[in-house]
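A quick write-up on the structure given underneath.
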Amino acid sequence: MYVKQPTVFIAVCFLTFAAGSAKLEQECKSLQLKFATSSTEFTKCLGKNTKPVHICVNCAATFNTTKSAFVNITKNSNCTEVLLDSDNAMVIHRLWDAYSNMWTSALCELCSGLTQDIAENFINKTDAVIHCFDNTPRHTICQKCNSEYDTLLNLFKNLQSNGYACADLADSMNSTSHMWSVDYNCGHLPLEYVPVLTMTLGVSLVPIFFYLSLWKFG
């Protein structure tokens, strides 16, 4: 049977387009799955480290993986159109924006320069204050624990002045300051050391976008 050349050409073009579309779909699905997987792991990490706040230190790896997955989508113009621009709900965009805004408001980048020794020193100083609180008669805490508390507070001020006051440290200092100032009435609460409300609100929005992502990826 003789087939006209234009017909063959059209058929070849169709098959080439179909193969290219299938390849593109597979490529975009792969990028989508990587973002879905990494964002799920990051969300789990947030849930495990919200209180006490250890997000910046413990969740840095999963955050960076999620960031890379999103950036890889934006670098692929075809997949950007498919996964980001053509989606009226903008689920991936909103999910990433929630993560990014939370990470920024928590000042987590500031913790990236913390060494293990610095972190452990802060933790040890905090434990010393709490130990003093727990093992001192309430009516003498302000006097007996003043030295330990001042040492911790000065350490935090020093870390803050050197740019290390991320949410992990700020939340810990906030909790200790609240006990000192409110629970034991030993002094005024230093409000400048409590900039974690925005971060907390950011974390509270993440589950909303997470469930939206289940609809998107499901």
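Laboratory data are not the source of any read-out in this text; all were calculated from the coordinates shown. Everything numeric here is computed off the predicted structure, so don't read it as measured data.
Annotation: amide H of CYS186 within the under-5 Å range of SER181, sequence separation 5 or more or interchain, hydrogens built in the peptide plane.
The Cα center of region 25-52 and the Cα center of region 113-137 differ in position by 33 Å. Rounded to whole numbers, the Karplus 3J(HN,Hα) couplings from phi for region 139-148 are 6, 10, 4, 4, 7, 6, 9, 4, 5, 5 Hz, using 6.51 cos²θ - 1.76 cosθ + 1.60 with θ = phi - 60°, and x at Gly and Pro.
Considering only Cα atoms, the convex hull volume of region 56-168 works out to 127 Å³ per residue. Karplus-derived 3J(HN,Hα) values for region 48-62, using 6.51 cos²θ - 1.76 cosθ + 1.60 with θ = phi - 60°, are 7, 10, 6, 9, x, 6, 10, 5, 4, 7, 7, 10, 4, 5, 6 Hz; glycine and proline are entered as x.
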